[in-house]
Amino acid sequence: MINRISEQELQKQKEYAARVRAAVQTAAFERGGPYKFCVVTYGCQQNEADSERLAGMLFDMGYEKADSEEDADIILVNTCAVREHAEKRALSVTGQYKHLKEKNPRLMIGVCGCMVSQEHRLDDIKFRYPYVDFAFGTSYLWQLPSIIYDRMKKKKRLFLLDTEDDGNIAEDLPVLRQCSYRAWLSVMYGCNNFCTYCVVPHVRGRERSRYKEDIIKEAKELVADGVKDITLLGQNVNSYGRGLYDDYGFPELLRDINEIDGDFTIRFMTSHPKDATKKLIDTMACCEKIAPQLHLPLQAGSDRVLQRMNRHYTLDSYKELVSYAREKIPGITLTSDIMVGFPGETEEDFEQTLKALTDIKYDMVYSFIYSRRKNTPAAEYEDQIPEDVKGERFRRMLEVQSDIGLKINEGYIGKTVRVLCDGESKNDPDTLSGRTDGGKNICFTGKCPAGEYTQVKVTAARPFVLMGEEI
Ligand code: 5AD
Ligand code: SF4
């Protein structure tokens with residue numbers, strides 16, 4: 001069932017990488033300065049993780065990290081296709097690189113990721129962006145060395161479209177992590193759920209799990225490297241192991257990672273409510289390294305809409321699981337994805353979503369306006385919701401959730417929480433920012449260096465962030 005890329009294939013890529021490295025080093029020597037790369041990322045955590053692998057491969061090929069696109073000799077745009085907005089941004093940014101190429105004729109521009117795993121977008125890039133050197137879908141990521149090599153030698157532009165049987169797993173690619181103490185760890189790729197609005201199964205292919213030995217080995221390496229916070233990634237982590245093992249699933253994997261010696265925290269996302277089980281919650285409750293945090297996307301509060309979304313759960317079954325989680329893991333941080341304006345969503349359906357928010361009381365909600373995606377069933381539904389109605393519902397939802405988030409956060413005032421510090425806050429250089437064990441954002445005064453744990457007393461609350469002082 002599992003398709004791991006063979007050692008021979010990976011070895012071939014290493015040889016291409018060595019050839020590119022030789023060419024890059026020669027060119028850098030002639031120019032009297034290093035060749036540099038820039039990877040621009042859109043979309044989800046899986047894309048962030050992929051970009052760290054793209055960066056790792058580029059570094060391995062002799063490129064150094066550029067401070068910005070302006071001083072790069074190769075730019076990779078790692079795109080997202082989940083919503084139209086993300087595609088438009090990636091296309092517009094790619095458009096702006098044309099003038100960089102005029103300034104630096106050696107510049108190579110590549111577009112990759114979910115957007116160009118769709119034929120129509122790959123064609124857009126090919127025909128409307130003639131200064132783009134190559135584009136390739138998600139399953140070609142590991143072939144970056146041969147792609148660059150071919151472009152260098154053959155001078156031909158390259159456009160590689162994913163096919164249905166693509167999507168093998170490549171182990172042991174080089175990686176250059178953005179952060180020394182937080183890390184992503186993919187446990188599986190792809191998705192089999194085919195929610196009717198979602199393009200992911202079409203662009204990331206069928207679900208496939210990595211071997212547990214490969215995952216545990218990587219987790220051990222991360223911990224040995226000083227990583228304190230590991231987020232396990234998958235579109236639906238709760239179906240980990242399906243088609244690969246009979247009696248080993250995500251809870252078993254969590255237990256095995258929890259067994260690794262060291263002072264670190266385990267998080268994971270995303271859990272599909274139809275596959276999240278009491279066994280998962282029990283495992284979280286008894287494994288001391290697993291963070292008290294659960295991201296469980298509800299999407300909508302109306303069973304009728306959930307059914308049309310092909311989600312395979314009801315609001316009641318969802319709520320039952322949440323109650324169980326709160327009983328077993330008191331103080332657990334609960335977050336969700338909520339979508340408004342799904343085709344056919346009536347005012348009554350939408351009000352059920354608002355009521356679900358008020359009943360469930362999430363710490364935080366990632367909210368989305370439904371975006372019509374080519375080749376998905378919902379795009380063909382006749383009862384599309386007008387943009388102004390979607391916008392109005394979106395604002396009403398934010399308002400409701402903002403009050404709920406604020407009230408929950410106010411409950412933390414006076415309490416002391418453990419925080420992993422991320423250094424200076426982006427908005428205010430006089431304060432530090434970090435995350436609590438439950439994954440909540442916190443801004444605080446103090447002296448803690450980035451990458452260290454500290455204790456912070458919460459003194460104030462906002463809807464999306466706690467405020468405090470180090471003690
Ligand atoms: N439109 C809007 N939001 C979407 N999502 C997925 N597909 C779409 C779409 N077509 C949201 C879902 C998912 C999150 C990652 O993105 O809420 O959980
Ligand atoms: Fe998309 Fe549904 Fe798969 Fe999530 S579970 S990636 S929303 S199809």
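Treating r as the C-beta distance of GLU288 and LYS217 and R0 as 22 Å, the FRET efficiency rounds to 0.50.
Remark: segment 297-305, residue by residue, has Karplus-estimated 3J(HN,Hα) of x, 7, 6, 7, x, 9, 4, 5, 5 Hz, where x stands for each Gly or Pro and the curve is 6.51 cos²θ - 1.76 cosθ + 1.60 at θ = phi - 60°. With all pairs of different C-alpha atoms in the average, the Kirkwood value for the hydrodynamic radius of segment 367-470 is 16.0 Å. In this structure, the amide hydrogen of PHE268, modeled 1.01 Å from its nitrogen in the peptide plane, lies closer than 5 angstrom to those of LEU232, counting only residues at least 5 positions away or on a different chain.
The length gained by stretching the chain between ARG128 and ARG418 to full extension, at 0.36 nm per residue less their Cα-Cα distance, is 99.3 nm. When DSSP beta bridges are restricted to pairs lying wholly in segment 323-441, around 45% turn out antiparallel. Compute the distance in nm between two label points, each set 7 Å from the Cα along the Cα-to-Cβ direction, one at THR163 and one at GLU7. Placing both labels 7 Å along Cα→Cβ, they lie 2.7 nm apart. Look at where the Cα atoms of segment 203-246 and of segment 265-320 average out, and the two centres are 18 Å apart.
Relative contact order for the chain: 10 percent, from Cα pairs under 8 Å spaced at least 6 residues apart, divided by residue count. The label-point distance for TYR366 and CYS179, in a model that sets each label 7 Å from Cα toward Cβ, rounds to 1.4 nm. When the residues ASP123, ASP263 are ordered by accessible surface, computed with a 1.4 Å probe over the protein chains alone, the sequence from largest down reads ASP263, ASP123.
Please tell me which of these pairs span more than 29 angstrom C-alpha to C-alpha: LYS217/LYS374; LYS154/LYS374; LYS278/LYS374; LYS274/LYS361? Table pairs above 29 Å Cα-Cα are LYS217/LYS374; LYS154/LYS374; LYS278/LYS374. Remark: segment 187-267 is approximated by an ellipsoid whose semi-axes, taken from the C-alpha gyration tensor as √(5λ), come to 26, 14, 10 Å, largest first.
Note on segment 7-160: Cα-only Rg and Dmax are 14.6, 44 Å.
Restricting to DSSP loop positions (anything but H, G, I, E, B) with no more than 14 other Cβ atoms inside 10 Å of their own Cβ, which GluC sites (Glu not before Pro) remain in segment 282-341? For GluC sites (Glu not before Pro) across segment 282-341 that sit outside H, G, I, E and B with at most 14 neighbouring Cβ atoms in 10 Å, the list reads GLU288. When the surface is traced with a 1.4 Å probe over the full set of protein chains, ARG255 keeps roughly 110 Å² accessible. Stretching GLU387 away from GLU84 to a fully extended chain increases their span by 107.7 nm, per 0.36 nm per residue minus the current alpha-carbon distance.
Distance between the modelled labels on GLU30 and ASN104, one decimal in nanometres: 1.7 nm (7 Å Cα→Cβ projection). ASP275 contributes about 20 Å² of solvent-accessible surface, heavy atoms of the protein only, 1.4 Å probe.
Ordering of 21-28, 280-287, 50-57 by packing is 50-57, 280-287, 21-28, highest average first (other Cβ atoms within 10 Å, averaged per residue).
Under 14 Å from a label point set 7 Å out along the Cα-to-Cβ vector of ASP428, the amide N atoms of segment 438-471 belong to 442-446, 458-470.
For the chain, taking a cut-off of 4.7 Å between Cβ atoms, the unpaired cysteines are CYS38, CYS44, CYS80, CYS112, CYS114, CYS179, CYS191, CYS286, CYS287, CYS443.
Note on the chain: Rg/Rh from C-alpha atoms, Kirkwood Rh, equals 0.96.
Under 5 Å from the amide H of LYS36 lie the amide H atoms of GLU64, ASP73, ILE74, each residue being 5 or more positions distant or on a separate chain, with H modelled from the backbone and absent for Pro and chain starts.
Please give every one of the aspartates and glutamates within straight-line cross-link reach of LYS407, meaning a C-alpha to C-alpha distance under 17 Å, and leave out same-chain neighbours fewer than 8 residues apart. Partners found: ASP359, ASP363, GLU399. Ignoring aspartates and glutamates fewer than eight residues from LYS457 along the same chain, the ones with Cα atoms less than 12 angstrom from its Cα are GLU469, GLU470. Extension gain, LYS153 to GLU351: 0.36 nm times the residue separation minus the Cα-Cα distance gives 65.4 nm.
Each residue of segment 181-191 is assigned a 3J(HN,Hα), and the resulting list reads 10, 10, 9, 8, 9, 6, 9, 7, 10, x, 7 Hz, derived from the Karplus form 6.51 cos²θ - 1.76 cosθ + 1.60 (θ = phi - 60°), x at Gly and Pro. Largest accessible area first, the residues HIS99, HIS312 order themselves as HIS312, HIS99 under a 1.4 Å probe with ligands, DNA and RNA left out. Within the chain, DSSP assigns beta bridges of which about 30% are antiparallel (rounded to the nearest 5). Pairs exceeding a 21 Å alpha-carbon distance, out of LYS65/LYS155; LYS101/LYS155; LYS279/LYS415; LYS319/LYS355: LYS65/LYS155; LYS279/LYS415.
The values are calculated or read from the model by the stated rules, or taken from the named source; none is laboratory data. This is a predicted model, so every value here is computed, not measured. Neighbour counts run over all protein chains shown; Cβ positions are idealised from the backbone, glycine included. Surface areas here come from the heavy atoms of the whole protein model, side chains and all, with no ligands, DNA or RNA. Shrake-Rupley method; radii C 1.70, N 1.55, O 1.52, S 1.80 Å.
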